[in-house]
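The values are calculated or read from the model by the stated rules, or taken from the named source; none is laboratory data. What you are looking at is a predicted structure, and each value in this text was computed from that prediction instead of being measured. Ideal geometry is used to build each Cβ from the backbone, glycine not excepted, and the neighbour counts take in all protein chains shown.
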Amino acid sequence: AEVDVERIVREDRPGLVLAIGDSALSAARRIRQTPVVAVMAFGLYTGQAAPYNLTGISMFATPERYVGMLQTMKVRRVGIIHNHDRTGWYLRQARQAAEKVGLELVVREVKNSRETLAQLDVLSGKVDALWMLPDLTAVSRENAEAFFRFGQENAVPVISFASSYLGLGAAAVVDIDRSELGRQAADTVMSLLNGGRIGEVPFVYPRTTSIKTNPNVLKRLGHPIEMARPLSTRE
């Protein structure tokens, strides 16, 4: 049921609102004065100007984390399928990171999830790896397995964003530690409640991520890669 968050905040006057998940974030966007910290929400940032009272922890790992792994795998042309409205901002950062190490991103844009299969066909035979972004338009429950069929049929590694995809055929993933994500959100909350202010940037990247691999897939494809230790952005 829809919750009147504005009324609750107006009556209870909390010092801060913690929004967990995309539905909670959508409801909390109506709040204009009370600080809002969002976590576990893929729609936290789309590249548009965010309300001055909103911040949060992104569900995206830094592009440099992916690019470094792809560089280790010695691939050159990397395919990406995305929706501009959802992940155009992230793709701009990914291009910059890729250019620095000589990776070429072969990008195909979709407006809805039904277009993903056709764009995968377009990439067939043209890329050395496939990079799945956490883009809820390009990657849906219905078409996620198509990415891994593409990897098998084209003998290229598929790099994804969640460890659950390893069992479906992902070669490697950059995984976010959900417990650490909660601790990072708690640190942000405490900072704001203790007098801190929300900055100009509407989100921060997760401070801890780890690379997890599917050794069987990597061995079959001839792409050996060592299991990386967790990486903290504070290091």
Selection over the stretch 57-78 where residues are closer than 17 Å to GLN119 by Cα and touching a Phe, Trp or Tyr at 6+ places or on another chain (Cβ under 7 Å) yields a count of 1
Over the stretch 1-35, the set of residues outside any loop (DSSP other than H, G, I, E, B), surrounded by 11 or more Cβ atoms within 10 Å (Cβ to Cβ) and basic (Lys, Arg) is ARG10
Look through PRO206, PRO202 and report the one residue that is surrounded by 13 or more Cβ atoms within 10 Å (Cβ to Cβ), at pLDDT below 90, in contact with a Ser or Thr (Cβ under 7 Å, 6 or more places away or on another chain) and in a loop (DSSP other than H, G, I, E, B).
PRO202
Single residue of the stretch 150-164 satisfying the filter (of a type in the set (A, V, I, L, M, F, W, C) and without any contact (Cβ under 8 Å) to a residue 60 or more places away in the chain) that is farthest from ASP175 (Cα to Cα)
PHE150
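Out of curiosity, is GLY56 small (Gly, Ala, Ser) and assigned to a helix (DSSP H, G or I)? Show your work before the answer.
Working: small (Gly, Ala, Ser): yes; assigned to a helix (DSSP H, G or I): no.
In short, no.
From ALA97, ALA129, which residue is closer than 30 Å to SER191 by Cβ, surrounded by 14 or more Cβ atoms within 10 Å (Cβ to Cβ), hydrophobic (A, V, I, L, M, F, W, C) and at pLDDT 95 or above? Spell out how you get there, then give the answer.
Working: ALA129 fails: closer than 30 Å to SER191 by Cβ.
Result of the check over ALA97, ALA129: ALA97.
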Name the residue that is nearest to PRO202 (Cα to Cα), counting only residues in the stretch 43-77 that are surrounded by fewer than 22 Cβ atoms within 10 Å (Cβ to Cβ) and of a type in the set (Gly, Ala, Ser).
ALA50
Looking at the stretch 120-153, which of its residues are among the small types (Gly, Ala, Ser) and outside any helix (DSSP H, G or I)?
SER124, GLY125, ALA129, ALA138, SER140
Output the residues belonging to the stretch 113-124 that are of a type outside the set (Ser, Thr, Tyr) and at pLDDT below 95.
ARG114
How about the stretch 86-119: which of its residues are part of a helix (DSSP H, G or I) and within 18 Å of GLY151 (Cβ to Cβ)?
THR116, LEU117, ALA118, GLN119
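Name the single residue, out of those in the stretch 84-116 being among the basic types (Lys, Arg) and more than 16 Å from ARG65 (Cβ to Cβ), that is nearest to the chain's Cα centre (by Cα). It would help to see each step written out before you state the result.
Here is the first cut: in the stretch 84-116, the ones among the basic types (Lys, Arg) are 86, 92, 95, 100, 108, 111, 114.
Okay, now just the ones that are also more than 16 Å from ARG65 (Cβ to Cβ), so 86, 92, 108, 111, 114.
Values: ARG86: 10, ARG92: 14, ARG108: 17, LYS111: 18, ARG114: 21 Å.
Applying the filter and picking the extreme gives ARG86.
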